[in-house]
1. Hey, among the residues in region 15-39 that are loosely packed, with under 12 Cβ neighbours inside 10 Å and among the small types (Gly, Ala, Ser), which one's modelled with the highest pLDDT?
2. Yes or no: ILE42 surrounded by fewer than 16 Cβ atoms within 10 Å (Cβ to Cβ), at pLDDT 90 or above and not acidic (Asp, Glu)?
3. Tell me the residue from LYS32, LYS23 that is in contact with a strand residue (DSSP E or B) (Cβ under 7 Å, 6 or more places away or on another chain) and either charged (D, E, K, R) or closer than 20 Å to LYS60 by Cα (or both), please.
4. Which residue pairs have Cβ atoms under 9 Å apart, sit 6 or more places apart or on different chains, and have a first residue in region 35-60 that is closer than 14 Å to SER4 by Cα and a second that is part of a helix (DSSP H, G or I) and hydroxyl-bearing (Ser, Thr, Tyr)?
5. Going by the conditions given, is LEU22 aliphatic (A, V, I, L, M) and closer than 9 Å to LYS6 by Cβ?
6. If you check ARG61 against the conditions, is it at pLDDT 95 or above, surrounded by fewer than 14 Cβ atoms within 10 Å (Cβ to Cβ), of a type outside the set (A, V, I, L, M) and at negative phi?
Amino acid sequence: MPGSYKVVICPYCGRVQLTQALKTFKCINCGKTRALSAGLRILKEFREFRQAHAFILEYKRLQGFS
Ligand SMILES: [Zn+2]
């Protein structure tokens, strides 16, 4: 799904975040990069930013993040 918003978990620091990257993900928290093809965990994909953002908020709430 090109151009979609992916909800991913940084493999280095565990931060849940959004990316539109097709090849390389860069963490907004720790700054490390990882190729999507290298086994980056994608929780879900959305077409709309709004939906993706809502998903992250809900996910964090369920995980006990503030
Ligand atoms: Zn990170």
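The values are calculated or read from the model by the stated rules, or taken from the named source; none is laboratory data. The model shown is predicted, which means the values in this text are computed figures rather than measured ones. Glycine also receives a Cβ, built like all others from the backbone with ideal geometry; neighbour counts cover every protein chain displayed.
1. GLY31
2. Considered against the rule, which asks whether it is surrounded by fewer than 16 Cβ atoms within 10 Å (Cβ to Cβ), at pLDDT 90 or above and not acidic (Asp, Glu), ILE42 comes out as yes.
3. LYS23
4. LEU43/TYR59; LYS44/TYR59
5. The answer is no for LEU22.
6. no
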